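The values are calculated or read from the model by the stated rules, or taken from the named source; none is laboratory data. Only a predicted model underlies this, so the values are computations on that prediction, with no experimental measurement involved. All Cβ positions, glycine included, derive from the backbone under ideal geometry; neighbour counts span all protein chains shown. We work out accessible area using only protein heavy atoms, side chains counted, and drop any ligands, DNA or RNA first. Shrake-Rupley method; radii C 1.70, N 1.55, O 1.52, S 1.80 Å.
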Amino acid sequence: MLDCAIIGGGPAGLTAGLYTTRGGLKNVSMFEMGVPGGQITKSSEIENYPGFFDSSKTGLDFMDAWQKQCFHFGLKHEMKKVVSVQKTGAFFTITLDGGETVEAKTAIVCTGAVPKRAGFKGEDEFYGRGVSTCATCDGFFYKDKPVTVLGGGDTALEEAFFLSNICSDVYVVHRRDTFRAAPPTIDRAMRKENIHLITDSVIEEAVGDAMGLSGVEIKNLKTDEITHMDNTGLFVFVGQDVKNDVLKDEAGNFICEMSDLGQVIVDLKMHTSVEGLFVAGDLRIDAPKQVVSAAGDGSIAALQVISYIQEQQ
Ligand code: FAD
Ligand code: NAP
């Protein structure tokens, strides 16, 4: 029986692993289906993690030390995909891909939420090298330069507004002539003089070379006209894929309370509505979607797990 099963090995899961093991729990396993590190390993640079300021290091380099530190304190990594986390009596049953099951006293689920891809040519090639899904993370790289934003929802227009305070011009490309975002958000974007709304249009292609993205081609869907925009960063906000499947029961119902957007409702101590089940990082409601906050959540959840186990003894 594990003291704690951690599902997902991004910043939230790794920090939960560090705090649970260093906090004295002997039997903690982190189930991460890939190499630990999470989404940030896709980034070419991280500039907003306090105390870390080295532009020669990629996200992968940055996360490497995190796993070494966790494993040093006794965290075990099982490179396996978790299919479901269910509460059976007082404990949790973790079902792995292939059918194997593991019992745990507590579970911290940190499976994250992945920004959806739009599917245009060059998107994957330049992802993390000029194509971004995070204005807070990457906006500053385009200080006083023009950027392009793809999407017409609340996220796209709110992030366009954020970028408009850093960048010289923000070109919002949306595939229809009406926006999905809430009317006050659309009004605010329309009033900002350096936000330019380009409707009935899509990104045809992200172009660049070994150095990264150099520009974008925007296609007007009504006229088929292609406009080439040079020297621009491209921010894609076309929705989120919340990785919450592990929290569904056999009937497909969630085992804990969820928001309408499929994020897990937690309190400030990362408690879910199920005793002994904690959620940390981008999977939770109102997540700021930053490494530093995911790590903070992981530490909070781990400290709560330690208290919970002590109370049960
Ligand atoms: P994730 O990092 O998403 O980790 C979740 C992990 O769970 C993944 O490793 C996944 O493989 C694993 N997993 C999912 N499902 C299962 C399953 N069923 N079984 C087993 N494992 C599973 N933030 C910043 O603060 N600064 C930046 O500069 C920055 N830049 C970014 C650049 C890019 C390109 C991207 C994509 C994100 C960036 N972010 C940045 C955001 C940051 O990476 C995330 O907010 C953070 O990684 C969230 O951490 P997390 O642990 O909650 O989830
Ligand atoms: P969203 O509402 O699903 O909007 C996604 C946008 O991307 C839509 O405009 C969509 O176009 C476009 N899109 C989708 N796939 C595309 C593709 N392949 N190519 C080009 N464009 C594509 O996602 P979101 O903006 O992330 O918001 C998610 C939810 O969070 C929403 O319910 C939103 O209201 C909520 N939210 C609320 C706030 C707030 O209240 N302050 C802030 C952010 C988000 P179409 O419109 O044509 O489908």
Near the amide H of Ser201, under 5 Å away, which other amide H atoms are found, from residues 5 or more places off or on another chain, if H is placed in the peptide plane? His174, Arg175, Arg176, Leu221
With 21 Å as the limit, write out which pairs from Lys76/Lys269; Lys68/Lys248; Lys76/Lys116; Lys116/Lys222; Lys105/Lys269; Lys87/Lys116 have Cα-Cα distances beyond it, or answer none. Lys76/Lys269; Lys68/Lys248; Lys76/Lys116; Lys116/Lys222; Lys87/Lys116
Using the Karplus curve 6.51 cos²θ - 1.76 cosθ + 1.60 with θ = phi - 60°, what ³J(HN,Hα) values do you get for each residue of the stretch 112-125, in whole Hz, with x for Gly and Pro? x, 9, 9, x, 6, 8, 7, x, 7, 5, x, 4, 5, 4
Using amide H atoms built 1.01 Å from N in the peptide plane, name the residues 5+ places from Met30, or on other chains, whose amide H lies under 5 Å from its own. Ile6, Lys76, His77, Glu78
Value of relative contact order over the chain, rounded to a whole percent, pairs C-alpha under 8 Å and six or more apart: 21
When we measure straight from the Cα of Lys143, which aspartates and glutamates land under 15 angstrom away, once same-chain ones fewer than 8 places off are left out? Glu47, Glu159, Asp169
Between helix 11-22 and the chain, what is the angle of the helix's C-alpha long axis to the longest principal axis, kept within 0 to 90° and rounded to the nearest 10? 20
Glu205: accessible area at probe 1.4 Å, nearest 10 Å²? 50
Yeah, the stretch 131-236 with a ≥ b ≥ c from its alpha-carbon gyration tensor (a/c under 1.5 is rounded, else prolate when a/b outruns b/c, oblate otherwise) is oblate
Degrees, to the nearest 10: 59-72 long Cα axis against longest axis of the chain: 10
The stretch 192-303 - accessible surface per residue (Å², probe 1.4 Å): 49
So how many Å³ per residue does the convex hull of the Cα atoms of the stretch 30-125 work out to? 151
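Using the 2.2 N^0.38 Å rule of thumb for compact globular proteins, work out how the chain stacks up: its C-alpha Rg over that value, please.
That works out to 1.08 for the chain.
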Positive end of the dipole of the stretch 260-313, charges at C-beta (+1 Lys, Arg; -1 Asp, Glu), about the Cα centre: which of Ser293, Gln263, Tyr308 has its Cα farthest in that direction? Ser293
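Take the solvent-accessible surface of the protein heavy atoms, probe 1.4 Å, and return the percent of it on the stretch 131-236 that carbon and sulfur atoms account for.
Here it works out to 49 percent.
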Rounded to the nearest 20 Debye, what is the dipole magnitude of the stretch 131-236 about its Cα centre when Lys and Arg each give +1 and Asp and Glu each give -1 at the C-beta? 320
Ranking by accessible area, most exposed first, for His72, His77 with a 1.4 Å probe: His72, His77
Arg284 long-range amide H proximity, modeled H, under 5 Å: Val264
So, taking all protein chains as they sit and a 1.4 Å probe, how much accessible area belongs to Thr88, in Å² rounded to tens? 80
Which log10 I(q)/I(0) values, to two decimals, does the stretch 172-219 give at q = 0.20, 0.22, 0.26, 0.28 Å⁻¹ under the Debye formula with one point per Cα? -0.75, -0.82, -0.95, -1.01
Exposure of Ser132 as accessible area (Å², to 10), given a probe of 1.4 Å and all protein chains: 10
Taking a 1.4 Å probe, which of Met258, Met79 shows the most accessible area, and what order do the others take after it? Met79, Met258
Within the chain, which cysteines find no other Cys whose Cβ is under 4.7 angstrom from their own? Cys4, Cys70, Cys110, Cys167, Cys256
